[in-house]
1. Suppose the filter is out of contact with any Cys (no Cβ under 7 Å at 6 or more places or on another chain), open to solvent by 50 Å² or more (accessible area, probe 1.4 Å) and aromatic (Phe, Trp, Tyr); does Tyr62 pass it?
2. Please work out which one of (1) part of a helix (DSSP H, G or I); (2) open to solvent by 60 Å² or more (accessible area, probe 1.4 Å); (3) under 22 Å from Leu102 (Cβ atoms) is the condition Pro40 fails and give its number.
3. Could you count how many residues in region 105-125 are within 8 Å of the ligand (Cβ to nearest atom), under 14 Å from the mean Cα position of the chain (by Cα), open to solvent by 20 Å² or more (accessible area, probe 1.4 Å) and not hydrophobic (A, V, I, L, M, F, W, C)?
4. Every residue in region 126-141 that is within 13 Å of the ligand (Cβ to nearest atom) and within 23 Å of Ile42 (Cα to Cα), please.
5. Name the residues in region 72-93 that are more than 9 Å from the ligand (Cβ to nearest atom), within 30 Å of Gly132 (Cβ to Cβ) and surrounded by fewer than 18 Cβ atoms within 10 Å (Cβ to Cβ), would you?
Amino acid sequence: MYTITSPVPGDGTAITALLDRAFGVDRARRISYRLRDGIPAIPALSRIARDASGRVVGSIAYTPVAIGPAGDEALLLGPLAVDPTLRGHGIGRTLVGATLALARALGYRRVVLVGDPAYYRPLGFEPAARFGITVEGESPDRVQAMALEPDAFETVTGAVGRIDDFPSPARQATEACG
Ligand SMILES: CC(C)(COP(=O)(O)OP(=O)(O)OC[C@H]1O[C@@H](n2cnc3c(N)ncnc32)[C@H](O)[C@@H]1OP(=O)(O)O)[C@@H](O)C(=O)NCCC(=O)NCCS
């Protein structure tokens, strides 16, 4: 028995402990962490799973990233983690399904991630290589993509990069004004 909710600030320590258990304390060295290091996760898409006692047993978050030379925006799914003692009960699948539905409802168009294809393909992800999308240093087989609306990847291709490597439209407008 578990419930899916938005995290509150007091959950931060429990979420960090869960991620340390799932990915190891050196997880910041992972390539996907380099794409989101220092970039806040999107609060509207962060969710946790709590067990009946209120303990945090699952967590998912999304960070904006930019794809290709045009810097087309996408969501980077992750990290996703479930308490090792509660795996195989559908918590991960529920966290992914609930937040993808939210992302779609909020108007996000596309999602990418680095992860095990055996886990993510049954959840509806497809090989990002199909769209020419890559993550530098990662095996193409581990890079997955999902279009949240038809043809969302039609003109989007290239390497996934940090969102802050691309000027936002607002920043461009300010610079253009002087
Ligand atoms: C991957 C992880 C989030 C899965 O969470 P979970 O709650 O155990 O997953 P679910 O119970 O929702 O599993 C959904 C389905 O995927 C299968 N599955 C679970 N882990 C899997 C894995 N590592 N590889 C392939 N399939 C997997 C389940 O058997 C289930 O299949 P079913 O629909 O036929 O029953 C969890 O194992 C975890 O935290 N792992 C360590 C961190 C990690 O690898 N995170 C993912 C980022 S790459």
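The values are calculated or read from the model by the stated rules, or taken from the named source; none is laboratory data. Because the structure is predicted, anything quoted here is derived from the model rather than measured. We place every Cβ from the backbone using ideal geometry, glycine too, and count neighbours over all the protein chains shown. Just the protein is used for accessible areas: all its heavy atoms, side chains included, with ligands, DNA and RNA removed. Shrake-Rupley method; radii C 1.70, N 1.55, O 1.52, S 1.80 Å.
1. For Tyr62, the condition - out of contact with any Cys (no Cβ under 7 Å at 6 or more places or on another chain), open to solvent by 50 Å² or more (accessible area, probe 1.4 Å) and aromatic (Phe, Trp, Tyr) - is not met.
2. (1)
3. Total satisfying the criteria: 2.
4. Filtering region 126-141 down to residues within 13 Å of the ligand (Cβ to nearest atom) leaves 135, 138-139, 141.
Answer for region 126-141, where residues must be within 13 Å of the ligand (Cβ to nearest atom) and within 23 Å of Ile42 (Cα to Cα): just Val135.
5. Within region 72-93, Glu73 is the sole residue that qualifies.
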